[in-house]
1. Working carefully through the options Val43, Val18, find the one that is surrounded by 17 or more Cβ atoms within 10 Å (Cβ to Cβ), outside the structural domain of Ala417 (by TED's automatic domain parsing), of a type in the set (A, V, I, L, M, F, W, C) and within 24 Å of Ala134 (Cβ to Cβ).
2. Which residues, counting only those in region 342-370, are assigned to a helix (DSSP H, G or I) and basic (Lys, Arg)?
3. Tally up the residues in region 168-193 that are touching a Gly at 6+ places or on another chain (Cβ under 8 Å) and in contact (Cβ under 8 Å) with a residue 40 or more places away in the chain, please.
4. Out of the residues in region 430-462 that are surrounded by 13 or more Cβ atoms within 10 Å (Cβ to Cβ) and polar (S, T, N, Q), state the one that is farthest from Arg61 (Cα to Cα).
5. Does region 152-160 include one or more residues that are among the aliphatic types (A, V, I, L, M) and either more than 26 Å from Glu246 (Cα to Cα) or touching a Ser or Thr at 6+ places or on another chain (Cβ under 8 Å) (or both)?
6. All but one of (1) closer than 16 Å to Thr201 by Cβ; (2) touching a strand residue (DSSP E or B) at 6+ places or on another chain (Cβ under 6 Å); (3) surrounded by fewer than 18 Cβ atoms within 10 Å (Cβ to Cβ); (4) not charged (D, E, K, R) hold for Met82; which doesn't?
7. Take region 368-402 and flag every residue that is under 24 Å from the mean Cα position of the chain (by Cα) and among the aliphatic types (A, V, I, L, M).
8. Report every pair of residues separated by at least 6 positions or lying on different chains whose Cβ atoms are under 6 Å apart, first residue within region 267-282 and at pLDDT 95 or above, second part of a loop (DSSP other than H, G, I, E, B) and small (Gly, Ala, Ser).
Amino acid sequence: MQPAIIGELRAAFDATTVLTGADIDARYYTDMAGIAVAPPLAVMRPRSTEDVSRFLAICHRARVAVTTQGGMTGLVGATMPMAGEIVLSMERMNAIEEVDTGGGVVIAQAAVPLQRVHERVAQDGFMYPLDLGARGSCTIGGNISTNAGGNRVIRYGMTRDLVLGLEAVLADGTVLKGVRKYIKNNTGTDLKQLFIGTEGTLGVVTRAALRIFPAPAEQQVVLCALPSFDKVRAMLDLARKRLGGELTAFEVMWNSYYRLVTQLVRGVAAPLPTTHPFYLLMESSGSNAERLRSDVESLLEEALGEGIILDAIIANSGASTAAIWRVRDSSVELSRATAPTVGFDISLAIDQMEPFTEAVAKAIKAVDKDAYTIVLGHVGDGNLHVNTKYSPPADKHEEMKKLVFGLTSDFGGSISAEHGIGISRRPYLKLSRTAEEIETMRTLKRALDPHHILNPGRVFEM
């Protein structure tokens with residue numbers, strides 16, 4: 001016998017909006033790793049904010065839990081439905097509603113893929129600076145829910161810094177209409193911050209106003225080889241001094257990552273030999289092409305002269321720029337090629353990164369003598385991606401997580417820099433947040449979602 005809510009939803013919405021039984025495709029209950037859970041009770045596919053509002057009001061009255069889905073590119077289990085939940089798939093709310101170049105704003109619905117925003121604003125000579133490897137499938141709503149960072153945080157900040165306003169629906173169906181197109185708004189509590197980085201636990205984002213910027217006239221992309229992490233830090237200091245605000249990306253790859261990604265991932269070439277300890281992908285952008293090229297060349301000459309870098313290559317075409325970025329953007333493909341691995345995205349003070357990675361590399365040997373680490377990161381903003389590779393067939397995920405998250409806490413870091421907490425990292429939240437902070441999160445949850453229907457069990461337990 002189907003729950004009464006199914007009949008109520010069918011009466012309120014058409015058959016293409018509410019899916020049940022055999023009509024529910026596996027993509028609604030299969031994560032990025034291809035591991036499926038039990039199908040949800042139903043799938044709701046709204047066309048509008050009004051649909052979302054009516055749907056949540058029904059679920060609120062019936063005390064039925066909802067999990068919101070976007071591009072399904074998450075890595076922490078936050079969007080995988082649990083028993084008895086209804087999936088709220090935002091897939092049909094995928095319109096770019098406005099591009100205001102005068103105000104530097106794009107207004108997009110939640111399910112617009114990040115890459116489509118890039119392409120649309122580029123038609124008007126603008127850029128939306130948030131960028132990450134999953135750009136083709138991740139959505140604006142998902143970016144907001146996890147406060148996504150990516151490659152250009154060093155200059156433009158996280159998603160939180162790029163959201164001017166948003167529209168969100170609360171658990172009882174109340175709509176908060178906050179899509180405003182200006183930066184300054186000191187009229188009390190900044191409510192949009194309640195929905196950025198909270199993984200859909202406090203409300204459902206339906207539309208957002210995002211900051212866009214004139215596309216730079218020139219971009220210079222460089223790949224460097226370096227002899228040590230101390231030299232990586234020296235290069236960061238020098239680049240900040242010589243390039244200032246024109247430094248837009250500073251991506252560091254340990255030898256393990258660079259060597260393996262160029263060996264194992266099809267279509268990824270090695271622009272520099274694979275024998276150096278560290279590699280740096282540096283991007284700078286600006287309005288004066290001639291001056292920017294001169295500044296980058298002078299920076300590299302100085303770095304070579306001081307022994308900070310060992311070798312370097314400057315991209316001289318769109319194709320060579322894409323080839324260099326392909327090395328950095330192929331981390332997911334490398335994870336699949338080296339499976340089984342356990343992936344981590346952590347934040348650390350830059351001066352703690354080298355001792356931390358050395359401690360992890362040593363400690364995982366206690367779990368598996370053949371284990372090793374594959375490391376890269378947005379070092380300029382303190383974010384490391386660490387993959388621990390172990391030997392099959394035994395599943396060592398939980399052992400690796402306990403060990404790496406424990407060391408992250410010991411080194412004063414955060415267990416999540418970009419991907420959120422979801423379900424898989426929930427037991428470790430206490431390593432990065434105090435009991436008082438977590439209880440304050442619960443207080444907000446009780447106030448905005450008293451029946452605990454929005455993404456229950458994600459981030460923390462009530």
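The values are calculated or read from the model by the stated rules, or taken from the named source; none is laboratory data. Keep in mind that this is a model prediction, so the values were computed, not measured. For neighbour counting, all protein chains shown are included, and Cβ atoms are generated from backbone atoms with ideal geometry for every residue, glycine included.
1. Details: Val18 fails: within 24 Å of Ala134 (Cβ to Cβ).
Checking each option against the conditions leaves just Val43.
2. Correct list: Lys362, Lys365.
3. 6
4. Ser432
5. Checked against the condition, which is being among the aliphatic types (A, V, I, L, M) and either more than 26 Å from Glu246 (Cα to Cα) or touching a Ser or Thr at 6+ places or on another chain (Cβ under 8 Å) (or both), region 152-160 yields at least one hit.
6. (2)
7. Ile374, Val375, Leu376, Val379, Leu384, Val386, Met400
8. Pairs that qualify, where the first residue is at pLDDT 95 or above and the partner is part of a loop (DSSP other than H, G, I, E, B) and small (Gly, Ala, Ser), are Val268/Ser330.
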